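Values quoted throughout were computed directly from the atomic coordinates according to the rules given, and no laboratory measurement underlies them. Everything numeric in this text was worked out from a predicted model, so none of it was measured. All Cβ positions, even for glycine, are placed from backbone atoms using ideal geometry, and neighbour counts span all protein chains on display.
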Amino acid sequence: MPWVSTVILIPLVTALVLAFVPARERRAARGIALAGSLLALAASIVVLALFDRDLAVLQQVDHLDWIPAAGVSWDVGVDGISIWLVLLTTVVFTLGVILACQRLPQQHGTIFLSLIMLAEAGLLGLFTAGDLVLFYVSWEFMLIPFALLIWNWGGAGRRSAGLIFVAYTMVGSLLMLVAIVATGILAMDHTGELSFLMRDLAGVPFGEATATVLLAGFLLAFAIKIPLWPFHGWLPRVYSQAPIVVTILLAAVMSKAGVYGLLRVGVPIFPEGVGNLLIPVAILALIGIVYGSLLAWRAPTMRLLVGYSSVAHLGFIVLGIIVIDRMAAQGAVLQMINHGIVAAAAFVIVMLLARGTGTEDIDRLGGLAKGAPRLAVAFLFVTMAALALPGSNTFVGEFFILGGVFDQYAWMAVIAMIGVIYAAVYMLRMYQGTMNGPPRGVQDGGRAAEMTARDAIVLVPLILMMAWIAVWPNSIVAPTRASTDLALAPAQIALERPIDQIGVLPDRAAIDPRWMP
């Protein structure tokens, strides 16, 4: 059975069904959305169960010639990098649908749920795409529902936020489209036919200058979506104006599209260009780490603090990939999953605090732990994970990244350590400012913000996943090793570095003799 395609099609079909459910049938819409998200989650678990962790290449591939004349295929599958992102997507979207059902908008609630399911289908298509055109279609497909969710159900400034989101992402998308078309055409001299399959393009010697230009086109789109400094201008407006459920999905899942694209498309297909862009991209990532941390430290609201902290954390992930080091890249893949879980949990806590107090302003709150002890414990657990405390799930990923970066460029690791220090400052500021001290900003001592059983349905699974990774990080890291090594090998050869894993080279050598050491 084509399980990977099934994972994508379930939320897509669910979205289409929800679009035809009458607005008054809110109970039916909730049931359909929950069933669709749970079925997608179950299908992704089946894909994980069938996954062979020893294989580096794309597996469980579903291939269909989509537009043969244009060399476009429906080609989807999973490897060690994408398998966990698929599972992260289905888990977070299932929890997001539960939250949306609990807080379903009064106006057009069925369409709200339909758009969420469309966004899930787009992201799943992107994380499993083996064809560059399919990758691009999925990239654009997820943009539309997110933009509509912000535009129609956001805060007072939702229209401008939606326009900013679309404007930023469209600029990058257009450049990426040009780069994709150019890549396919230029590769014809080597492949003998027009093909956009990534496994075919990965063996094409584009040349240093051409590869650099093509990689730059992709990188701009990736940098905007992550977002990487200085392309983060859309983030504060969008994160603050979007419905909180949408903010959770943007931060926890959509932000991974850019870093995934860098590791899946940028590094293995254009290795000759990596050397020219390595230092500039690394510098942008380092600035993002420091600048994002400073903005988070001074952020007036909890939502903005968590949003700016994402700029810093994603800067770490980009740095881990772009230095082309095995240890750093494995840490980056692990940290993608960690950040998705922690960001989702942090925004859920922000939602609960705002619901119970009527404000997201840090300086207007205080002493809530006395009235909301269960939430305070959960908040403390998430805070420790967000600042990468030793023993937390994020510690291993951050340690891997810093260790690998130090091996290649010690000065980069020293600068990145500033972000580690500031993470403790801004996260403890948010926790202490809202939970400790005398009660402030509330009439009931914070009891209205306490975590209920309905809230625990969403928050507790995220905390349990953090605990699982903290205790057993190798369960995530081990299946990623072969695929991460395969993705890095072309760039390691181009940079004339020792190959970390010789076992993946024969597959590449069969495509192009230059992969032979």
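General remarks:
- Across all directions, the shadow cast by the convex hull of region 367-452 built on its C-alpha atoms averages 6.2 square nanometres.
- Approximate spin-label separation ILE144-ARG447, in nm, with each point projected 7 Å along Cα-to-Cβ: 4.9
- Kirkwood Rh, angstrom, the chain [1 / mean 1/r, Cα pairs]: 22.9
- Evaluated at q = 0.13, 0.19 Å⁻¹: base-10 log I(q)/I(0), Debye formula over Cα of region 409-466: -0.61, -0.90
- Efficiency of FRET between MET170 and ALA69 - r from beta-carbon atoms, R0 41 angstrom, step 0.05: 0.90
- Centroid-to-centroid, using Cα positions, region 152-193 and region 441-493 are 29 Å apart.
- Cβ-based exposure ranking for SER195, SER138, SER37, in which fewest neighbours within 10 Å come first: SER195, SER138, SER37
- Dimensionless Rg over Rh [region 180-313; C-alpha; Kirkwood]: 1.08
- Region 270-481: equivalent-ellipsoid semi-axes (sqrt of 5 x gyration tensor eigenvalues, Cα, Å): 34, 18, 12
- Helical mean residue ellipticity (222 nm; -39500 (n - 2.57) per DSSP H run of 4+; nearest 500) of the chain: -23500 deg cm²/dmol
- Placing +1 on the Cβ of every Lys and Arg and -1 on the Cβ of every Asp and Glu, with nothing else charged, gives region 278-391 a dipole about its Cα centre of roughly 240 debye.
- The protection proxy used here, the mean number of other Cβ atoms lying within 10 Å of each residue, ranks peptides 458-467, 475-484 as follows, highest first: 475-484, 458-467.
- Relative to the longest principal axis of the Cα atoms of the chain, the long axis of helix 373-386 lies at roughly 30 degrees.
- Point-to-point label distance, ILE279-ASP407, nm (Cα→Cβ direction, 7 Å offset): 2.3
- Cut-off 11 Å between beta-carbons: net charge of the residues surrounding HIS339, Lys and Arg +1, Asp and Glu -1: 0
- Distance from region 318-379 to region 1-66 (C-alpha centre basis), Å: 27
- Area projected by the alpha carbon convex hull of region 20-141, averaged over all directions, nm²: 8.3
- Cβ-based charge dipole, the chain, positive-most Cα from ALA156, ILE45, VAL477: ALA156
- A straight chain from SER160 to MET417 at 0.36 nm per residue would run longer than the Cα-Cα distance by 88.9 nm.
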